[in-house]
Amino acid sequence: TFAAGLAADGMKPFAAIYSTFLQRGYDQVVHDVAIQRLPVRFAIDRAGLVGADGATHAGSFDIGYLGALPGFVVMAAADEVELARMTATAAAIDDRPSAFRYPRGEATGIAIPDKLEPFEIGKGRIVREGTTVAILSLGTRLGEALRAADRLAAMGLSTTVADARFAKPLDEDLIRRLAREHEVLITLEEGAAGGFGAFVLHFLAKEGALDRGLKIRTLTLPDIFQDHDSPAAMYAAAGLDADAVIRAALAALGRNDLEGAVRA
């Protein structure tokens, strides 16, 4: 609410807060920020699973609860350069609220450029081109998507990997292309059901893209509160690692070599 007042007075407030703590202020996000279309910028820490911090600090729900609000821009960073550019993007948005989410943990180690260009709102990117399977990732599961693509390629399944960048607004042209040009489309996110994958499904249903035989799988956090563990073990248990992506792709294609693929 304080940040909303600053925005109403012409300033550029950033509200930096854990995803789980933002849940407690949801009414203020709706009434004091979103309804008034105030350009408050939410920097959402602890997005996704959080290792030893446990279920109380896991950022599982913000994609869904912010994406439900009209006018909100919701971004998720795949690495530290993407995060830096999303910060610049949020700073440039002056007509509506925005949010960018990032996880607990270490960055990937790539250099952040001195000059940061804001993103075009609602535009993702193709990271790798393929023809059979498409993996549309939101956030830092992108590395697992690329690892899955390598292993699927070794099995003869050419795989596209795309980074959505935006959960809202969706890159509709990108999603149309992935749905049109591939047999299987897999969405991957560090969030609960009802978030990014649900937004993509809703769009595809509205477009009629599900009427033509597209096989789609949405990989989300499971419908449980997960106990603390190492992040890698938690994501494996959640079904959001490369093994899970491969299993989803092969199952969608009716392939029965699941066990050998995962062992590889």
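The values are calculated or read from the model by the stated rules, or taken from the named source; none is laboratory data. Quick caveat, the model's predicted, so the values are computed rather than measured. For neighbour counting, all protein chains shown are included, and Cβ atoms are generated from backbone atoms with ideal geometry for every residue, glycine included. Heads up: the accessible areas ignore ligands, DNA and RNA and are worked out on the full protein's heavy atoms, side chains in. Shrake-Rupley method; radii C 1.70, N 1.55, O 1.52, S 1.80 Å.
Condition check for residue 36 on (1) open to solvent by 20 Å² or more (accessible area, probe 1.4 Å); (2) part of a helix (DSSP H, G or I); (3) without any contact (Cβ under 8 Å) to a residue 40 or more places away in the chain: one failure, at (2). Candidates 125, 151: the one that is under 19 Å from residue 250 (Cα atoms) and among the basic types (Lys, Arg) is 151. Each residue in region 40-58 was checked for being open to solvent by less than 20 Å² (accessible area, probe 1.4 Å) and at pLDDT 95 or above, and 5 pass. Quick test for you: out of 227, 223, 171, pick the one residue that is open to solvent by 50 Å² or more (accessible area, probe 1.4 Å) and out of contact with any helix residue (DSSP H, G or I) (no Cβ under 8 Å at 6 or more places or on another chain). Every option except 223 fails the conditions. Residues of region 73-92 that are farther than 14 Å from residue 141 by Cα and either over 15 Å from the mean Cα position of the chain (by Cα) or surrounded by fewer than 19 Cβ atoms within 10 Å (Cβ to Cβ) (or both): 81, 84, 85, 87, 88, 89, 90, 91, 92. Only residues that are acidic (Asp, Glu) and touching a helix residue (DSSP H, G or I) at 6+ places or on another chain (Cβ under 6 Å) were counted across region 185-207, and they come to 1. Checking every residue in region 131-150 against the condition of being open to solvent by 20 Å² or more (accessible area, probe 1.4 Å), assigned to a strand (DSSP E or B) and at negative phi gives zero matches. The numbered conditions (1) in contact with a helix residue (DSSP H, G or I) (Cβ under 9 Å, 6 or more places away or on another chain); (2) at negative phi; (3) touching a residue at least 60 places away in the same chain (Cβ under 8 Å) are all true for residue 165 except (2).
Checking 123, 115 one by one, the residue that is farther than 21 Å from residue 240 by Cβ and touching an Asp or Glu at 6+ places or on another chain (Cβ under 6 Å) is 123 and no other. From the residues in region 93-114 that are of a type in the set (Ser, Thr, Tyr) and within 25 Å of residue 52 (Cα to Cα), which one is surrounded by the most Cβ atoms within 10 Å (Cβ to Cβ)? Among them, the one singled out is 102.
Need pairs with beta-carbon distance below 6 Å; first residue under 10 Å from residue 47 (Cβ atoms) and within region 96-112, second in a loop (DSSP other than H, G, I, E, B); sequence gap 6+ or separate chains. Once the first residue is under 10 Å from residue 47 (Cβ atoms) and sits in region 96-112, its partners that are in a loop (DSSP other than H, G, I, E, B) give 102/77; 103/140; 104/46; 104/50. The residue that is most open to solvent (accessible area, probe 1.4 Å), among those in region 1-25 that are more than 20 Å from the chain's Cα centre (by Cα) and aromatic (Phe, Trp, Tyr), is 2.
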